[in-house]
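Quick note: the coordinates plus some simple rules give every number you see, no bench work behind them. None of these values were measured; they are calculated from a predicted model. All Cβ positions, glycine included, derive from the backbone under ideal geometry; neighbour counts span all protein chains shown.
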Amino acid sequence: MFNDQGNKEGILDLPNQTAVEIRNLDVYYGEENAIEDVSLDILRKKVTALIGPSGCGKSTLLRSINRMNDLIDGAKVEGIVKVDGNNVYSKGLQVSRLRQKVGQVFQKPNPFPKSVYDNVAFGPRAYKHHLRKEKGGLSSLTSFFESGEKSPIDGRHMDKVVKDSLEQAALLDEVEDKLHKSAMDLSGGQQQRLCIARCLATKPEIILMDEPTSSLDPISAGRIEDLIEDLSTDYTVLIVTHNMQQAARISDKTALLWLGELVEMSETEELFENPEKELTEKYITGRVG
Amino acid sequence: MINDQLKEKISPRFLLASVVFISFSVLFTFFVLFQTFNVYLFLLVVAGVVIGWIFYEDSTAKALLFAASTSAGTILILIASFLFIRGLPAFQEDPIFFIIGSEWDVYGEVYSLGPMIWGSIIVTLGATALAAPLGVSSAIFIGKFAPKWLRGILKPAIELLAGIPSVVYGFLGFVLLNRAIMDYFDISNLGQYFAPSIILGFMALPTIASVAEDAIDAVPTHLEKGALALGVTKWQAIKEVTLPSASSGITAALILGIGRAMGETMAVTMMIGHKTAFPSPLYDIFEPGETLTSLIASQIGEASGQSIDALMGAGLLLFFVVLALSVTSRLIQSRLQRRFRQG
Amino acid sequence: MNINKLAGFSLGLLMVLLLFSPSLFAQNVLRIDGSSTVFPVIEYATSYWKNNPPITYSEFWPAEEYGIDTDKNLADYWAGLYGLDKFRVQKNLSHSGQGLRKVAKGNVDIGISSTAVRFEYPGKLEKELNKYTPHIIGYDRQAFSVSKEVYEAGCAVLTKEEIVGIFKGTITNWKGVNSCNYDREIQAVGRTVGSGTETMFRVNLFGSAEVSDLNGVDVRQGQNQMVKRTLVSSNNAIGYPGVEFITDENPAVEVTWDDGATYSVEDEGWPLGRPLYMYTWQGTSKKEAAFLRMILSDFGQDVFVEQNTDYYTLSDSEQAYQLDNLPEVE
Amino acid sequence: MISAREKAIRYIMIVLWLVLAVVSLLISGWLVVEPGAISSEAISAFGGILLAGVGITIIVFNLGDNYQPPISHFLISILLLLLGGVVFLFFPDQGVALPNLEGDITAKLANLLLFLLVGFAGIWAGLLFFRENPAQNRELAVKYFTWLSVLIPLGVLVFFVSYTIIEGSSVINWQFISSSTNLMMGKVGIFPAIMGTFSLIIGATVLAVPLGVGAAVFLTEYAKRTWIRQAVGVTADCLWSTPSIVFGLFGYVFLVPRITGHSTLLAGQIILAAMLLPLTIATSTEALSSVPDEFRSGSLALGASRWWTIRKVILPSSVPSIITGILLGIGRIAGETAPIMLIAVASNTSAPSFLTSSFPYFQLGSLFREVDALPYRMYSIYKAGVGGSIDEAWGTALVLIVLVLMFYGLGITVRSYYRRRRGW
């Protein structure tokens, strides 16, 4: 349903294989240069891992794709980030559309203090509301009556969206009987999968994951890793991790960042087995970092 | 093609500015002029907001929220300017006499605030002498010594002390305290400075205690833990580390408490003797007297013409003194916060 | 449509309805404001007015007893005398000065005052003062009242000179009063300067309100009740509350006046009497007259002035004069 | 180190001393209520025991195994005991430490100072002793001293409230609360005052809460520059500390002439709203900034706009704290007298009513009339004896205190309930 609408708007569907195109990206926090002249391509429906030591700018790079850097005081971005061929930093681009297409999963699970159902339905509802506001006029007047938590437009469609998303996030079985209980009562791993489901509900093209397993126990982390592999058939996934084994396990391509600069990016196996650069080898063998 | 769709239709900054402008003009006309057509102006603004809400919900919401955030400032400016306009005439003729002269004679139309200012000072000092040591040491107990469960009881209980209406304090004070003090100290009048300053002390205490407790709480515990790790007792750690770090916050609490005591009205009005003359000797706290607040409260009903001007002058003075106190306190507090954020 | 929207919508509807609300400003009110001394009379009168007892409740509305031939309820009858329906009476307690100021501004219909307007505004021109239309509804007497301990110590008769001395500060101990055998400093209780009572007190005792050397006054209280409470709570106080506020706890003393005679407050010739005024502005409207006529009638004088409060009624001739001053009944 | 036996003795002394202090507080409280209930000799004797108790406690505290007190400290404690003894033995007829120096004000002042001096000297001497002691003793002393200083205001609170309850409960009955005063029938009731207070509160809340919460939302969610926050914080602080009588004066010269010229409910609501506003801003700002940033970024990353985030995530999760702040603020303004005295109230008016029996079934006329209010009613009984005797003033005070405590209790309950329940 959303896909249809999204397609009509013409945001999606570009023929080439590159989902995100980053060219000459510089990010500054005040005086500090956090990302220095990074250029890379992220391929459609592949899992790309970003590795590197703490503070090397992995998360910053991630945030500059869905413009979450805008929220940080003093952050300044230079260069080009193209999602589906559109520069996300072009003037007049509506950020909420961008973020709806580029979902993000955070380091710490952050479900809202609402029910499981409302958590998952949050994105679609917001999207619908914004869409109507954009159209303006009478339709936005009617949306006045429809934007509530239990609006009639939700109906069966919303139930389906919620269930599909939970299913995709491999959570439905566990929460089916407590859809309307508070999401804060779930376990940490469940919460993180709920966040993934919440993100899937907006039908994103690209999912950004910022160390999604670092605050979880090994078993929960393993389930999330499985889930990421499943997702890569439908979505483009960019995952930041400090865990090299994890990167080796789940990613198709891996990039190493070092002090804000891109050291090397290639197929995962290649990067881990015969890295081109000396620094990469030192890093993956644990001699630096 | 895509960008066309994504463009915002109107500059939110423009919308913001216009809504703020309109609401200010409405506020101004509504209150300063108050004429019938303002109702229509008001309706116009309401209509504007409704339309804005339908088409540009985010920008409209932001503009309305901004307008709301100016409300406190607007009210403060209104109060200050109106007190200034109405209170200034009292100061114009002979400001020095008005402030330090000793006569308040309504029939002779001679007005000076000297005795009342002195009375306010005496009562406030008395209240502070009671509230400051008790307040600060309660703050130390609640912040540092009390176990968690007790703290959960004591904090609201101290808050409750601030919640008892001042008219009830005044009534209790008048019934219980005035006569008792008259008897104990064997003095010849019922409404001396002493009784209200005791009651005011208890009224200012919660302010001092809670702000001082916040200041003590704001000191990072690692400072104290560092001291404890060196083998000193808890009290030594508090005395050597916590209290010096919190000292400016505690000062702020005291200033705030002084402001509270100075501005308190009903309890003083009900307990004091309303004699508009200096006590003799000046430090005699057992003479009947008058403070700035009780002067206004007890005489505004009778006042007309020139005496209203004089009372407005008293209000102006009171307002700016308390304002200065609270700004000072705020400055001290924010300096404290900055220090801990940096350190 | 969810409950929030419903609430918002009905609130909007409510606001629209409010704009067309017919009873936004109820005009049919008689407003009275002013002196706490006169207030008790007004309070009883409005209470009766508001209750509007029917003729069958002869305990409260004894029309027959006063030779009134009617079958209407109390308020209906008095309002009906001027062809009006019963209206609401809104009374507020403040001070004489405020009542007089408000009646001149038109904020209230009747300003009640315990002092004559010419004493309140000594500087004003006769022409201005004449716009105030006075109605005297009864008399109060300012008693000199002392704390119980003082009275019991024998201080029951004071001379005028002693009283002047006490309030001027030349006598500071009860020992200085002739009839007293009480060693205690005097606490002289005054009233707030500018109040009607204070003005009348000064006029009665010194001949003019502008006396600047009343240094003996220790405490000034705003209203009669506070004066009374100070007298009761102290053991050394003297004050001048209205006669309404004399109790066993704060008994009144007798006073030897200029003529050498000793008066008690009950006596006919008590020197500190004062009329209770109700001022209307530039003549008297029908609405005002209806209410005033009720108070000035035999019924009103008996019930509101004599029985329920301790004030003194008008003499017959004064009553007739005051009634004549009101507009004719229809 | 000290032996267990010594430790036990110390605890006993502490308990003894505390009991003495509490008993003395109770007695002085009793004396305030009923002067002359206890003979002054008894008081002197008791005072002597009290001071001796302090002295003995101090000495016992210092009998540590390895403790050799300097001679000066012994001298001070003996001096203290002597001073106490002199005061109580030689001036037995004037109660605690207050010799009657006949009328002279300076002497009375000196008396008071002497009284304070004895007290402070005792405390000081005690602390001086402790300084030479094992540090634990000092800590214990400080702990009990500060504990006592919390108990004093709490004692005052309990005493005031219970005194009001005792005095007021004899007046309170259903008729007193549910009807208005009717002098003709000889009935007294405070129903109009209760309704008036409620109308004032409700009006003030309706006006202040949207403004206050809106301002807080703007400050925490939109205002990027800290100077805006600082500026609004300072103005709110100033508004909060503005004396209530100044609010009254302002209303008197500004609002009253602009509304009807006489006191009106509306003017009172507006002024009380101005007093409630800074409290609402402060507590709401605190509540909103305690919402974790993860909620904000989580919502924004899903493509929700700022406003949608505020409406659907931030406000719902901070509502309990905001409500708590508002309730506490209402408790504060419900008892205010000075601001409404000049602009909103009249004694013994009828209750405001907004409903009518005919279309459109409500009316706003009451907004433009005077109301009665509980605190003002108390004040007018005290001041002019209007509306009843002193007993009724106690009854009114009781209702007022119960009302205020109700708001406080509600606020505190909501706070502790949600603090336990919320998941972050």
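Membrane-span-like helices in chain B, defined here as complete DSSP H runs extending at least 15 Å along the helix axis by their C-alpha atoms with mean Kyte-Doolittle hydropathy no lower than 1.6, are B:12-28, B:37-55; this is a sequence and geometry rule, not a statement about a membrane. Here the Debye sum runs over all C-alpha atoms of the range D:215-309 as equal scatterers in vacuum, and log10 of I(q)/I(0) at q = 0.20, 0.22, 0.26 Å⁻¹ comes out as -0.96, -1.06, -1.25.
For the pair B:Asp105 and D:Phe368, a Förster radius of 45 Å applied to the C-beta separation gives a FRET efficiency near 0.75, rounded to the nearest 0.05.
Peptide packing: for A:260-273, C:146-159, the average count of neighbouring Cβ atoms within 10 Å per residue gives the ranking C:146-159, A:260-273, highest mean first. Between A:Leu172 and C:Phe206, the modelled labels are 9.6 nm apart [label points 7 Å from Cα along Cα→Cβ]. Inter-chain Cβ neighbour count for C:45-57, averaged per residue, equals 2 (cutoff 10 Å, partner chain atoms only). With all distinct Cα pairs included, what does the Kirkwood hydrodynamic radius of chain C come out to in Å, to one decimal, could you say? Value: 22.0 Å, from the Cα pair sum.
The radius of gyration of the Cα set in chain A, together with its Dmax, comes out at 19.4, 64 angstrom.
Each principal axis of the Cα atoms in the range C:76-165 has its own extent, and those three values, largest first, are 58, 37, 20 angstrom.
A cut-off of 5 Å between modelled amide H atoms, ignoring neighbours fewer than 5 places along the same chain, links D:Asn182 with D:Lys187, D:Val188, D:Gly189.
Partner shielding of D:229-236 amounts to 5, given as the average count of beta-carbon atoms from other chains within 10 Å of each residue beta-carbon. Computed over the range A:2-284, relative contact order equals 28 percent, with contacts defined as Cα pairs under 8 Å that lie 6+ residues apart.
Enter the angle in degrees (range 0 to 90, nearest 10) between the Cα long axis of helix C:96-105 and the first principal axis of the Cα atoms of chain C, meaning the one along which they spread out most. The angle comes out near 30 degrees.
Listed by chain and number, the aspartates and glutamates placed with their C-alpha closer than 19 angstrom to that of B:Lys144 are B:Glu159, B:Glu213, B:Asp214, B:Asp217, B:Glu224, B:Glu240, D:Glu139; residues fewer than eight positions away on the same chain are left out.
Site pair C:Lys127 and C:Thr170 shows an inter-label distance of 4.4 nm when each label is modelled 7 Å from Cα along Cα→Cβ. Dipole check for the range B:99-342: with +1 at the C-beta of Lys and Arg, -1 at the C-beta of Asp and Glu, and the Cα centre as origin, the magnitude is about 1580 Debye. Across chain C, the mean sequence separation of Cα contacts (distance under 8 Å, 6 or more residues apart), normalised by length, yields a relative contact order of 24 percent.
Suppose we flag trypsin sites (Lys or Arg not before Pro) only when DSSP calls them loop and at most 15 other Cβ atoms lie within 10 Å. Which is the longest uninterrupted stretch of chain B?
In chain B, the maximal stretch lacking such sites is B:10-343.
Largest GNM mean-square fluctuation across B:Thr269, B:Thr291, B:Thr70, computed for chain B with C-alpha springs under 10 Å, falls on B:Thr70. Taking N as the residue count of the range C:145-263, its C-alpha radius of gyration divided by 2.2 N^0.38 Å amounts to 0.96.
Residues whose amide H lies under 5 Å from that of C:Gly138, counting only those 5 or more places away or on a different chain, are C:Leu276; hydrogens are built 1.01 Å from N in the peptide plane. The GluC sites (Glu not before Pro) of the range B:91-183 that meet both conditions, a loop assignment by DSSP and at most 15 other Cβ atoms within 10 Å of the site Cβ, are B:Glu93, B:Glu103, B:Glu109. With distances taken between every two different alpha-carbon atoms, the range B:42-187 has a Kirkwood hydrodynamic radius of 21.8 Å.
Summing -39500 (n - 2.57) over the DSSP H runs of n ≥ 4 in chain A and dividing by its residue number, what mean residue ellipticity at 222 nm do you reach, to the nearest 500 deg cm²/dmol?
Counting only the DSSP helices, I get -12000 deg cm²/dmol.
Partner lysines whose Cα lies under 26 Å from the Cα of A:Lys163, excluding those fewer than 8 positions away in the same chain, are identified as A:Lys8, A:Lys45, A:Lys46, A:Lys101, A:Lys108, A:Lys114, A:Lys128, A:Lys150, A:Lys178, A:Lys181, A:Lys203, D:Lys312. Between helix C:39-51 and chain C there is an angle of about 30 degrees, using the helix long axis and the longest principal axis of the Cα atoms. Excluding same-chain neighbours fewer than eight residues apart, the lysines reachable from C:Lys228 by a Cα-Cα span under 16 Å are C:Lys148, D:Lys383. For the range C:26-125, the Cα-based Rg and Dmax, in that order, read 16.0, 52 Å. Mean projection of the Cα convex hull over all viewing directions, computed for the range B:202-293: 7.8 nm².
Counting only other chain Cβ atoms within 10 Å of each residue's Cβ, the peptide D:334-346 averages 5. Using only the Cα atoms of chain B, build the gyration tensor, take square roots of its eigenvalues as a ≥ b ≥ c, and label the shape rounded, prolate or oblate: rounded if a/c is under 1.5, else prolate if a/b is larger than b/c, else oblate. Cα axes put chain B in the oblate bin. Computed per residue of chain B from DSSP H runs no shorter than four, each worth -39500 (n - 2.57), the mean residue ellipticity at 222 nm is -23500 deg cm²/dmol.
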